[in-house]
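Inspection log for the structure reproduced underneath, given as structure tokens.
Just so it is clear, none of the values below were taken in a lab; they were calculated from the coordinates. Quick caveat, the model's predicted, so the values are computed rather than measured. Glycine gets a Cβ as well: all are built from the backbone with ideal geometry, and neighbour counts include every protein chain shown.
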């Protein structure tokens, strides 16, 4: 039942020790340790702490970095004109949660 709610990249994630999440691009190469200071809530055996009562950090290790690249979704030639639609792929970082420090 030990978990934490962290906020990174404008999103909130519910994480436990050993979880791997895809977060918005973070600094660091594979193997680098990252600390998330913006912890919204922590649940452990004694109960749930949220808001200002929650003075916790979450430590994670970078597993891999995603790449930001444009992808072509569609190219189309009909009898009239030429249509092309480009897509976008957001760069993500895969991190493994190693500790929840309360």
For Cα extents along the principal axes in Å, pick the label among (i) 69, 27, 21; (ii) 40, 25, 22; (iii) 75, 42, 16 that corresponds to the value derived from the coordinates. (i)
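Just rank 92, 76, fewest to most, by other beta-carbon atoms within 10 angstrom. Don't skip to the end; give the middle numbers.
Working: 92 18, 76 9.
Fewest to most other Cβ atoms nearby, the residues stand as 76, 92.
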Give the relative contact order (percent, whole number) for the chain; include only Cα pairs under 8 Å separated by 6+ residues. 33
Springs between alpha-carbon pairs under 10 angstrom, Gaussian network model over the chain: which of 48, 34, 21 fluctuates most? 48
Simple spin-label model, 7 Å along Cα-to-Cβ: residue 35 to residue 73 in nm? 4.1
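Once R0 is set to 41 Å, what does the formula 1/(1 + (r/R0)^6) return for the Cβ-Cβ distance between residue 45 and residue 25, expressed as a FRET efficiency to the nearest 0.05?
The computed FRET efficiency comes out at 0.75.
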